[in-house]
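Report on one structure; see the data block that follows.
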Amino acid sequence: MIAMPDGTAAPPGAVVKENLLDLDPETALARLRSWLAEHGEPSYRAAQIFRRLWEFPVDSFDAITELPKILREQLTSSFMLPRLELATRQTSTDGTQKFLFRLTDGQLIETVSIPDGDRLTVCISSQAGCALQCAFCATGAMGFQRNLTPSEIAGQVRELRLLASSSVATNIVFMGMGEPLMNWSAVSVALTLLNDARALGIGARHITISTVGILPGIVALAARPEQFRLAISVHAPSEALRHTLMPVNTKYPLADVIDAARVFDRRVTFEYVLLGGVNDQAEHAAQLAALARECRAFVNLIPLHPGGSMGFSPSSPAVIASFARALRARNVETAVRRSRGLDIAAACGQLRTERLGRRLPVVRDEDGHVHEA
Ligand code: SF4
């Protein structure tokens, strides 16, 4: 069966070109060398072409003007160079930008770029939708659509460079749509593309995989030699509460996730979204501190994004401050993540949900308060 870029079957008679963007650098370079040999071209051209896939990306082979025209035409006949189609872009007053990209099969995914001084952090998606249905998450509410391919995952960063050459990501977080460790084979190739100096060249310590605690995926990530960072979405410090918020806790209970975090050979971060009156009380802080100390974890407290979750409300600033103080008093390194993009739908899954007309957009009113429109 001939496959289309998104993995579906091609119509009979369709000419499907190869997608070099789905291959890790070694494999892509080897494929290019063999193709160049078949076409009587010198092998040094392989590196020349590959450089224009990721490091200095072009939107078509014809734009690689350092190559002879005939070679560009032959490349165009043999290989595709798919782009992600920009469906919507929102820009916040704080510089955060949210992109909604349409894939070849019509699926919509979200990418967020967050500038901060010299840094540009890009939050990327690994799946269209998500099967895990965390109670507070807009992506979970839309259900699972499909896994993304490596070119669709790393391609989000490539696409930002194509849209604006100054958009060079320095940090990557897998905190967009989907659970990255449920799509490990594609995420693993994407990690190589993000990190390899011949591709996007982002330092492994600046690339964070965020997971709810998919244990086989954590083992696979730990086996990679690069120093990729692991963040665990804890969100509830007891089995009982986590069961109610995160159905995945049935398959991968909190105790097992904490065990995996404890033996992970690099320092982990705990992500903890604060839900007003649900998981933000003093007892929760004490429980979370005990878990974090067990794993020597850094704790990131995340204020709930207004409008991001049906049925939940953000904790008040005073409660957030007191929760952070309670952790620090127990010698747990803690940061409260600054809310970015409050005037746009910057929480995971919100923009797609708005686009599909299932949720009201978030707006900022004249005095700067944010609420659902
Ligand atoms: S929080 Fe993450 S894992 Fe949970 S439903 Fe949302 S996207 Fe999926």
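Bear in mind that the values in this text are calculations on the coordinates, not laboratory data. Small disclaimer: the values here were computed from a predicted structure and weren't measured. Heads up, the Cβs are rebuilt from the backbone with ideal geometry, glycines too, and the neighbour counts pull from every protein chain shown.
Dipole magnitude of the chain about its Cα centre, charges +1 at Lys/Arg Cβ and -1 at Asp/Glu Cβ only, in debye to the nearest 20? Don't skip to the answer; put the middle values down first.
Details: 38 positive and 38 negative charges, 90 e Å.
The dipole magnitude comes to about 440 debye.
Let me check against my output: what whole-number percent is the relative contact order of the chain, with C-alpha pairs under 8 Å and at least 6 apart? Walk me through the intermediate numbers first.
On the way: 707 pairs, mean separation 51.4, N = 373.
Over the chain, the number comes to 14 percent.
Can you give the % of DSSP beta bridges in the chain that are antiparallel, to the nearest 5? Provide the component values of the computation, followed by the final result.
Details: 25 of 50 bridges.
Of those bridges, close to 50 percent are antiparallel.
Rg and Dmax of the chain, Cα atoms, in Å?
21.7, 71
With an 8 Å Cα cut-off and a minimum separation of 6 or more residues, compute the relative contact order for segment 18-80 in percent.
33
Dipole of the chain (Lys/Arg Cβ +1, Asp/Glu Cβ -1, origin at the Cα centre): which of 150, 335, 183 lies farthest to the positive side?
335
Compute the relative contact order of segment 1-157 as a whole-number percentage, counting only Cα pairs closer than 8 Å that sit 6 or more residues apart in sequence. Don't skip to the answer; put the middle values down first.
Values: 205 pairs, mean separation 25.5, N = 157.
Once normalised by length, the contact order is 16 percent.
Which order results if 35, 54 are arranged by neighbouring Cβ count within 10 Å, fewest first? Provide the component values of the computation, followed by the final result.
Numbers: 35 19, 54 23.
Fewest-to-most ranking of 35, 54: 35, 54.
Return the calculated 222 nm mean residue ellipticity for the chain, to the nearest 500 deg cm²/dmol, obtained by summing -39500 (n - 2.57) across DSSP H runs with n ≥ 4 and dividing by the residue count.
Values: 12 runs with 121 residues, N = 373.
Calculated at 222 nm, the ellipticity per residue is -9500 deg cm²/dmol.
Using a 10 angstrom Cβ neighbour count of at most 12 plus a DSSP loop assignment to flag exposed GluC sites (Glu not before Pro), which longest range of the chain is free of such sites?
Values: sites that count: 66, 366.
Between exposed loop sites, the widest span is 67-365.
Quick one: Cα centre-to-centre distance for segment 257-290 and segment 82-136, in angstrom?
26
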